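J.: Mind having a look at this structure? Questions to follow.
Derivation of every value follows stated rules applied to the coordinates shown; laboratory data play no part. Since this is a predicted model, take the numbers as computed values, not measurements. Quick reminder, even Gly has a Cβ in these numbers, built from the backbone with ideal geometry, and neighbours come from all protein chains shown.
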Amino acid sequence: MKLRQWQQSCVEKALKTYKQQSHFMCLATPGAGKTVMAAELAASLIKMGKVDFVLCFSPSSEVNESIRSTFSNRLQKRFDGLLGAIGSVYTYQSMASLTSDFWQLLCSHNVLVIMDEIHHLKGTQLHNANSWGEEVLVNVQNKAKYTLALSGTPWRSDSAPIVLSRFTEPDNTIHCDFVYGLNQAIADGVCRRPSIALIDNEKIKLDYNQESKEFTSIAELLAGSNISYQALINNQQINHHILRQGVSKLKEIRDKSPLAGGLVVASSIKHAKQLYQTLVKDFQQTACIVTSKLKHPSHTIDAFRQNDIQWIVSVGMISEGTDIPRLQVCCHLSRIKTEMHYRQVLGRILRVTSDEVQQAWLFTLAEANLTEFAYRIGQDLPEMAVIFNQKEQQPINLALSNNSNSAEADHDESVNLQISDLSQPSEPNEPSYFSDIEQENHYNLALLGGYKEQIVRMFDTHLLSS
């Protein structure tokens, strides 16, 4: 397996670092190939006689499958934890069920422990650790021969300390032994150049108790009223507009790259079904849905990875670590508004392929936090050029539903979810997570102005080709 330059450099740096310390942390932008690098490092340590076994941990079973395949292929040995295997991979959730006999392996043998997306593990000591972090502090720290931490976003949304990490003074930022950022990945042709379309409207009217108030942007509306972001991303016509932009862009890309696909990140199962219906019925797109409620979500993801279906609609299943290189367009309609999640979602469309067109487009509402995240990504790319494009349309009147229950209840099974050879079972009712949706009973919202799209391009084409 031929390594990319950054992967080879990281392996060399890790081997050198392990001569002085047992822990190594690699920060590499999502889509850069951290798993391949980790497998190569493991192979080097095994060949040198430094390591007997390799244990990997990740946040999900879907990521585990990718890790298992990569390590088994590189090490040319079984990686399933059974007799004769060189190691295995587990989810962080499963750590609590592993017995003391299992953990004894770290004391009796030289074991490399790899923790993927380590930002999920909180705590430097038991008193400030979460449950996953506590397992590592008790069973792995000071017991494993070597530990390798991998992350594409080296911080937590709650700013809590991350397990096994060192922090630099005086700003208390996390210390990474090796950093491979998006800027360098794009320059090396490892990742696609992202373009982020922030969807806004310059004339919004809000009626309340026979009074009206106008707003000049979505950010102003959310800051100056009790309308919630959740209400906006559940609005059918807003969703329709964002999906239309995504469909148009995907069609443009598929004209030259027929296998290119799109991802829609939904806020709930109910929401996902509505978005699916819009894609299939209004835009005549092929699509499938994947959620944690499916018996075998990895089967749906694997099928989409290999076929030519245009869209996959996801509720929390395709974020960090899920490798579907043909994804090039994403409509971000998730209720989650953290920078860590935002960057992980963006990373799903950055993995390069051999196709002629290597565009990556993220469409999202111009909510204040999401806008800030977009520009912060731009700050990571010094050569960034920001272009403001505006697309006017005829005035569109939108009204929020007065039925708060319909916004979150998940009892509508009228959508036919049979797509090609993919079959989606019906979902049970999903509990309501959003108390603020009740406030929408008393408001009527109209978007009277034309939609505008602020296009944030990371790198101008002429900069890359020069």
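J.: Taking loop as defined by DSSP and a crowding limit of 14 other beta carbons within 10 Å, which trypsin sites (Lys or Arg not before Pro) in segment 246-277 fit?
T.: Lys256
J.: Enumerate the amide H contacts of Ile114 below 5 Å, restricted to partners 5 or more residues apart or on another chain; note that Pro and chain-start residues carry no placed amide H.
T.: For Ile114, the qualifying residues are Leu55, Cys56, Phe57, Leu148.
J.: Just tell me which lysines come within less than 25 Å, Cα to Cα, of Lys295; anything on the same chain fewer than 8 places away is out.
T.: Lys270, Lys273
J.: Would you pull out the residues with amide H under 5 Å of Gln285's amide H, same chain only if 5 or more places away, H placed 1.01 Å from N?
T.: HN-HN under 5 Å from Gln285: Val280.
J.: Moving to a separate point now. Return the whole-Å distance between the Cα centroid of segment 214-237 and the Cα centroid of segment 301-361.
T.: 26 Å
J.: Please give the peptides 334-347, 2-15 ranked by average Cβ packing (other Cβ atoms within 10 Å per residue), highest first, as a rough proxy for protection.
T.: Ranked from most to least packed, the peptides come out as 334-347, 2-15.
J.: Under a plain spin-label model, where a point goes 7 Å from the Cα along Cα-to-Cβ, how far apart in nm are Arg78 and Thr216?
T.: Using points 7 Å along Cα→Cβ, the separation is 6.8 nm.
J.: Quick one: which of 274-286, 21-33 comes out on top by average Cβ neighbours within 10 Å, and what's the full order, highest first?
T.: So the order, starting with the most tightly packed, is 21-33, 274-286.
J.: Note the full-extension length gain between Thr338 and Glu252 as 0.36 nm times their separation in residues minus their Cα-Cα distance, in nm to one decimal.
T.: Residue separation times 0.36 nm, minus the Cα-Cα distance, leaves 28.0 nm.
J.: Something else about it: What distance in nm lies between label points placed 7 Å from Cα along the C-beta direction at Tyr208 and Lys2?
T.: Placing both labels 7 Å along Cα→Cβ, they lie 6.1 nm apart.
J.: Can you work out the Karplus-derived ³J(HN,Hα) for every residue in segment 174-179? Use 6.51 cos²θ - 1.76 cosθ + 1.60 with θ = phi - 60°, whole Hz, and x for glycine or proline.
T.: 6, 8, 10, 6, 8, 10
J.: Spelling out what I want: for every residue of segment 331-339, take phi, set θ = phi - 60°, compute 6.51 cos²θ - 1.76 cosθ + 1.60 (Karplus), and round to whole Hz; glycine and proline get x.
T.: Residue by residue, segment 331-339 yields 9, 8, 10, 7, 6, 7, 10, 9, 5 Hz.
J.: Can you work out ³J(HN,Hα) from phi for every residue in segment 91-99, in order, using Karplus 6.51 cos²θ - 1.76 cosθ + 1.60 and θ = phi - 60°, giving whole Hz and x for Gly and Pro?
T.: The phi angles translate into 7, 4, 4, 7, 4, 5, 8, 6, 7 Hz.
J.: Quick one: which residues, 5+ away or cross-chain, put their amide H under 5 Å from the amide H of Asn444? H built at 1.01 Å from N.
T.: Under 5 Å from the amide H of Asn444: Asp207.
J.: Between Ala96 and Ser61, what length comes free when the chain is fully extended (0.36 nm per residue of separation minus the Cα-Cα distance, one decimal in nm)?
T.: Net length gain for the segment: 11.0 nm.
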